[in-house]
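Below: the structure, in structure tokens.
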Amino acid sequence: MTKTDFIKRIQKRLSDKGIKISRNDLKVEISSLDFDLKALGEENVNTITKLLLDKHQNTELVVSEPEEIAAVPSDEHNATTTNSTAITNQQKEQLITVQAQSLGIELSESEITDISQNVNDSFTDFVSAVETINSLIKDYAQSKFDDLEQQIDASNSNLRDYINNRTTNLQRKSVEGAVTTKEMLEQKSSSLKSFSKSLSATLKTQ
């Protein structure tokens, strides 16, 4: 059974609001809010998202407001736009596929699409795009490894419980068998003693 990745859902909601944060950094921030990462549920997603939105909007986004409001000369604005390289969804997915293969990781089409949703639509340079994609692939792989580790732990626990139950049943049956055998031998011994007495009494009368 696939476990719902609530951290990933929170990361996606923050990304939709323009706040990009790696999975590891997000875990740290959630822990700082006194939430147990291993016990996250549907009821925590909205609360944590709102708290982090408030936090980031009161820090990073507020600082950038004066620049957005101020009048910018057209030449400077064009220069800023020129320094930012746009990237299409297809290019994102191609980069993710190539980088994943170079890292020895095989991703399905749905996984590639899933990761691409967390990639910005523009970067200052190609290296920044690759570094961001590598970080997202690493976070995604870590999430998969965490899920596999939990499944293996659960499987090992089930196997231990099975072996313990079978061992206990065998021990119980062995004890029951020994008790039954003892009772049967005692009954045979009692019958032999009774027969011996009867035989002795018969011989004496003759």
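Considering each of 170, 159, 199 in turn, give the residue that is among the hydrophobic types (A, V, I, L, M, F, W, C) and modelled with pLDDT under 80.
The match here is 199.
Return the pairs, sorted by first residue and then second, in which the second residue is part of a helix (DSSP H, G or I) and among the polar types (S, T, N, Q), the first residue lies in segment 11-31 and is not assigned by TED's automatic domain parsing to the domain that holds residue 120, the beta carbons are less than 6 Å apart, and the residues are 6+ apart or on different chains.
Within 6 Å, the pairs are 13/49; 22/135; 26/11.
In this structure, is residue 152 touching a Leu at 6+ places or on another chain (Cβ under 6 Å) and either more than 20 Å from residue 19 (Cβ to Cβ) or not assigned by TED's automatic domain parsing to the domain that holds residue 7 (or both)?
For residue 152, the condition - touching a Leu at 6+ places or on another chain (Cβ under 6 Å) and either more than 20 Å from residue 19 (Cβ to Cβ) or not assigned by TED's automatic domain parsing to the domain that holds residue 7 (or both) - is not met.
Starting from segment 84-108, keep only residues that are in contact (Cβ under 8 Å) with a residue 12 or more places away in the chain, then list their pairs with residues that are among the aromatic types (Phe, Trp, Tyr) whose Cβ atoms are within a distance under 6 Å, requiring at least 6 positions of separation or different chains.
Cβ pairs passing all conditions: 85/123.
The values are calculated or read from the model by the stated rules, or taken from the named source; none is laboratory data. Computed from a predicted model, the values in this text were never measured in an experiment. Glycine also receives a Cβ, built like all others from the backbone with ideal geometry; neighbour counts cover every protein chain displayed.
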